[in-house]
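The values are calculated or read from the model by the stated rules, or taken from the named source; none is laboratory data. What you see is a predicted model, and the numbers here were worked out from it, not measured in a lab. FYI the Cβ positions are ideal-geometry reconstructions off the backbone, even for glycines, and counts take in every protein chain you see. The accessibility values were calculated without ligands, DNA or RNA, using every heavy atom of the protein model including side chains. Shrake-Rupley method; radii C 1.70, N 1.55, O 1.52, S 1.80 Å.
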Amino acid sequence: MTKDFGSAELDAIAKRMVEHPTLREARAIEAWRVAENVASLPKAVHDDRLPPLIQQACLEMFFVHVRALLEFLEVRTPKRSDFSARDIAPSYRSPTGEELAALNARWEQASQQVLHFSKSRVDHSRPWESQVDVSFEALTAIADEVLTVWDRYAELARTPAAPKRDDFNLFHELRTSPD
């Protein structure tokens, strides 16, 4: 929640975080980088100025980062070797009910698109058609669902190292819709 800090305070905090981050801050910064990728990659996927290979790599990374961020936000029980939102914001609570079910479906969808050849990638009855909607609108909708939970985490984290998505600034040039 950066709004609680003055600009001089933020500058001092940012300088210290870059030079000597605490473990909590370093973890928060890594999660922030992944969250910003989720927010920014839909535009890169559909940026016709990029070569098709780079657009495809951006699509793959979008699903990788969606999966990682959902795991960080405890949509799945974290592995003992992983850190999660609760390590940074102890009062954070995992999504529940319908929201948890929807996010679990997004985790499954992301998982089927990366790291292995899921049968759901190609339908045997129509193998020439993609089985996953990767339009800008579809990817943005996925990002919005995940980042809604991110914003709740960021509110509880109360550190400049975990900004809400309206305060993202690492990849700002990619945040607008494609032309």
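Scanning the stretch 100-111 for residues that are part of a loop (DSSP other than H, G, I, E, B) and surrounded by 13 or more Cβ atoms within 10 Å (Cβ to Cβ) turns up nothing. The condition of being modelled with pLDDT of 95 or more, surrounded by 13 or more Cβ atoms within 10 Å (Cβ to Cβ), over 12 Å from the mean Cα position of the chain (by Cα) and not in a loop (DSSP other than H, G, I, E, B) holds for only one of Glu155, Glu145, Glu74, that being Glu155. If the condition is being of a type outside the set (Gly, Ala, Ser), in contact with a Leu (Cβ under 9 Å, 6 or more places away or on another chain) and in a helix (DSSP H, G or I), then the stretch 15-59 contributes Trp32, Arg33, Val34, Glu36, Asn37, Val38, Leu41, Pro42, Lys43, Val45, Cys58, Leu59. In the set (1) at pLDDT 85 or above; (2) open to solvent by less than 70 Å² (accessible area, probe 1.4 Å), Ser81 fails one condition alone, (2).
Would you be able to say whether some residue in the stretch 121-134 is surrounded by 12 or more Cβ atoms within 10 Å (Cβ to Cβ) and either modelled with pLDDT of 80 or more or in contact with a Ser or Thr (Cβ under 7 Å, 6 or more places away or on another chain) (or both)? Yes, there is a match, as at least one residue in the stretch 121-134 is surrounded by 12 or more Cβ atoms within 10 Å (Cβ to Cβ) and either modelled with pLDDT of 80 or more or in contact with a Ser or Thr (Cβ under 7 Å, 6 or more places away or on another chain) (or both).
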